[in-house]
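A.B. asks: I'd like to ask you about the structure that follows.
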Amino acid sequence: MAQNRSAPIVIYFLLGLLSVDIYGNSGSDYWPVWRGPDGTGTASKGNPPLTWSETENIKWKTKLPGKGFSSPVVWGDKVFFQTSIKTDKKVTDSDLGDAAYVHKFDVVCVDRGTGKILWQRTAREEKPHEKHGRGNSFASYSPVTDGKYVWAGFGSHGLHCYDVDGNGKWSVDLGRMKTDDEIGGASSPVLAGQAVIVVMDHMADSTITAVNKETGKIIWRKGRDEETGWATPVAAEVNGKLQVITSSDNRVRSYDVKTGEVIWECEGQTMNAIPTPVAGFGKVYCTSGFQGNILQAIELGRTGDLTGIDAISWEIKKNTPYISSPVLVGDKIYFCYGRRAAVSCYEAETGKVVFERQKLEGLKDIYASPVAAKDRIYFVGRDGKTAVIKHSKKFETLAVNTLDDKFDASPAIAGDEIFLKGKTYLYCIAKP
């Protein structure tokens, strides 16, 4: 699905506290994973513009190569994303559409100051073995970077590592995915300590794999009792133990990053669990919204089967998102309803309602996940409009901005800039 343009997530949390930026004092210049430095969707030190248009506050606008819903990530003076490029090499039946053609699966690096493409590397060139749904692409996965390396996963087309100057370091093939109704994949890799974690939930043998981030050697691989899934996992350090939390249809599970053993698990999500979990306040918030609605605030630090016990700190069964992920801002959690431009807000610690299903002016459908900076939350609609609301106890729209593009990828905020990746252009929005 289109949720994880959403890419990878790498965050560590201290039990009972707010999320901690593992990159140190980097919040003003970095957005290293698709949900930001602390994985909550918030840039605590960011201050991008409130308003923009095609003629206002556009620092640069760069034409995108190929097609892909990968979200951009930022480190220092570089912006990275993934794409797929259809070649003219047709190798099979025309009924397969784009999948009948050989594609280049590329990693792209753009100069943050100018928008110029610095390098573009083809990780794999081959024919896709299956199609993808209308709301997906062959490059819906997002990269992750630590400022030294960039890791890019393309599902059936491998996991690849480059240094930030574009030099290839290693590639590993983790097998082919057979997704339900050939919808395609979207779960991005996660950096957790020395491991890159890849979840491949599909209609054959679903797996979770830990790969050494420097060598590409497989550390461990475990089978999963899941069918097709799209949620990117989240890494968390709890009581000194690094774990990675996955959300899918059957169960939310937490794995020990060193051994791959399940630490805890919990039932309760709906079918097609797409949104990425968000952690803070000693909890992980897992949500889904297809053929039902659920948000579970699960206490970290527990072990075993948590289904139906008091480890579920609070839960709601309405208003939750189908595709986009929540954003945790201060003591509040915000999210959209289904694919609609209607936002709800709850107290993150207690689940108390702040406001529910407020319509975002001028927006219709939303695939992108919201992001936040200062006292503002940014919601990007598929039709090019971005609504900015105030982080407050009352719902208040501060601005509605319009660009001439279509958007499924989630934004990135670094310093005083916000990066919006459309279907045609990558925008850097900043005040002159």
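Laboratory data are not the source of any read-out in this text; all were calculated from the coordinates shown. Just so we're clear, the structure is a prediction, and the values are computed from it rather than from any experiment. FYI the Cβ positions are ideal-geometry reconstructions off the backbone, even for glycines, and counts take in every protein chain you see.
A.B. asks: Among Ser325, Ser392, which comes first, second and so on when ranked by fewest other beta-carbon atoms within 10 Å?
C.D. replies: Numbers: Ser325 32, Ser392 15.
If I rank by nearby Cβ atoms, fewest first, I get Ser392, Ser325.
A.B. asks: Moving to a separate point now. By the scheme Lys and Arg +1, Asp and Glu -1, what is the net charge of all other residues having a beta-carbon under 15 Å from that of Glu54? Don't skip to the answer; put the middle values down first.
C.D. replies: Working: positive: Lys59, Lys61, Lys63, Lys385, Lys406; negative: Glu56, Asp383, Asp404, Asp405.
Result for the neighbourhood of Glu54: +1.
A.B. asks: Size of the dipole of the chain about the Cα centre, Lys and Arg at +1 and Asp and Glu at -1 on the beta carbon, nothing else charged, in debye to 20? Kindly include the intermediate steps, with their values, before the conclusion.
C.D. replies: Working: 54 positive and 52 negative charges, 169 e Å.
Its charge dipole is roughly 820 debye.
A.B. asks: I've got another one for you. With the Cα gyration tensor of segment 234-361 giving a ≥ b ≥ c as the square roots of its eigenvalues, does the rule (a/c under 1.5 for rounded; else a/b larger than b/c for prolate; else oblate) give rounded, prolate or oblate? Let's see the in-between values first.
C.D. replies: Working: a/c = 1.98, a/b = 1.63, b/c = 1.21.
Prolate.
A.B. asks: Between Ile333, Leu174, Gly66, whose Cα lies farthest towards the positive end of the dipole of segment 12-429 when Lys and Arg beta carbons carry +1 and Asp and Glu beta carbons carry -1, centred on the Cα centre?
C.D. replies: My answer, from the dipole projection, is Gly66.
A.B. asks: Using Cα centres only, tell me the gap between segment 244-286 and segment 413-432 in whole Å.
C.D. replies: 31 Å
A.B. asks: Compute the signed sum of charges (Lys and Arg +1, Asp and Glu -1) over the other residues within less than 9 Å, Cβ to Cβ, of His391. Intermediate values should be presented prior to the final figure.
C.D. replies: Numbers: positive: Lys332, Lys374, Arg376, Lys390; negative: Asp375.
Net local charge, His391 excluded: +3.
A.B. asks: Another question about this same structure. Below 8 Å, C-alpha to C-alpha, sequence gap of six or more: please give me the relative contact order for the chain in percent.
C.D. replies: Details: 1417 pairs, mean separation 80.1, N = 432.
Worked out over the chain, it gives 19 percent.
A.B. asks: Using 0.36 nm per residue, how much length does the chain from Asn212 to Val102 gain when fully extended, once their Cα-Cα distance is taken away?
C.D. replies: Details: separation 110, 0.36 × 110 = 39.60 nm, distance 2.95 nm.
Extra length available between Asn212 and Val102 comes to 36.7 nm.
A.B. asks: Here is a further query. With 20 Å as the limit, write out which pairs from Lys213/Lys258; Lys241/Lys332; Lys318/Lys390; Lys63/Lys169; Lys332/Lys431; Lys283/Lys352 have Cα-Cα distances beyond it, or answer none. Mind dumping the intermediate values first?
C.D. replies: On the way: Lys213/Lys258 13 Å; Lys241/Lys332 26 Å; Lys318/Lys390 22 Å; Lys63/Lys169 28 Å; Lys332/Lys431 28 Å; Lys283/Lys352 15 Å.
Check vs 20 Å cut-off fails for Lys241/Lys332; Lys318/Lys390; Lys63/Lys169; Lys332/Lys431.
A.B. asks: Based on alpha-carbon centroids, what's the gap between segment 221-235 and segment 299-357 in Å, whole number please?
C.D. replies: Going from one Cα centre to the other spans 20 Å.
A.B. asks: Next question. Full extension from Thr303 to Thr397: what is 0.36 nm times the residue separation minus their Cα-Cα distance, to one decimal in nm?
C.D. replies: Numbers: separation 94, 0.36 × 94 = 33.84 nm, distance 4.17 nm.
Contour length minus Cα-Cα distance gives 29.7 nm.
A.B. asks: Would you list Trp75, Trp119 from fewest to most Cβ contacts within 10 Å? Walk me through the numbers on the way to the answer.
C.D. replies: Working: Trp75 23, Trp119 15.
Exposure proxy ranking, most exposed first: Trp119, Trp75.
A.B. asks: Another question, then. Treat the count of other C-beta atoms within 10 Å as a stand-in for reagent exposure and order Glu417, Glu267, Glu299 from fewest to most.
C.D. replies: Working: Glu417 24, Glu267 13, Glu299 19.
Fewest-to-most Cβ neighbours within 10 Å comes out as Glu267, Glu299, Glu417.
A.B. asks: From the phi angles alone, apply the Karplus equation (6.51, -1.76, 1.60; θ = phi - 60°) to segment 318-330 and give each ³J(HN,Hα) in whole Hz, x where the residue is Gly or Pro.
C.D. replies: Here the 3J(HN,Hα) series is 7, 6, 7, x, 8, 10, 6, 9, x, 10, 9, 10, x Hz.
A.B. asks: Hey, another quick one. Tell me, what is the FRET efficiency for Glu347 and Lys317 to the nearest 0.05, using R0 = 25 angstrom and their Cβ-Cβ distance as r? Present the calculation step by step, with values, prior to reporting the outcome.
C.D. replies: Values: r = 17 Å, r/R0 = 0.68.
For R0 = 25 Å, the calculated efficiency reads 0.90.
A.B. asks: Less than 13 Å apart at the alpha-carbon level, and either on another chain or at least 8 residues along: which aspartates and glutamates does that give for Lys217?
C.D. replies: Qualifying aspartates and glutamates at Cα under 13 Å: Asp173.
A.B. asks: Taking the alpha-carbon centroid of each part, what is the distance from segment 64-104 to segment 143-163 in angstrom?
C.D. replies: Rounded to whole Å, the Cα centres lie 15 Å apart.
A.B. asks: While we're here: Need one number: nm distance between label points at Lys90 and Lys359, each 7 Å from Cα along Cα→Cβ, rounded to one decimal.
C.D. replies: For the pair Lys90/Lys359, the computed spacing is 4.6 nm.
A.B. asks: Quick check: convex hull of the Cα atoms in segment 165-210, volume per residue, rounded to a whole Å³?
C.D. replies: Details: hull volume 4.6 nm³, N = 46.
Enclosed volume per residue, from the Cα hull, is 101 Å³.
A.B. asks: Another question about this same structure. According to the square roots a ≥ b ≥ c of the eigenvalues of the Cα gyration tensor, what is the shape class of the chain, taking rounded for a/c under 1.5, prolate for a/b larger than b/c otherwise, and oblate for the remainder? Show your work: numbers first, answer last.
C.D. replies: Details: a/c = 1.35, a/b = 1.05, b/c = 1.29.
Rounded, because the longest to shortest axis ratio a/c is under 1.5.
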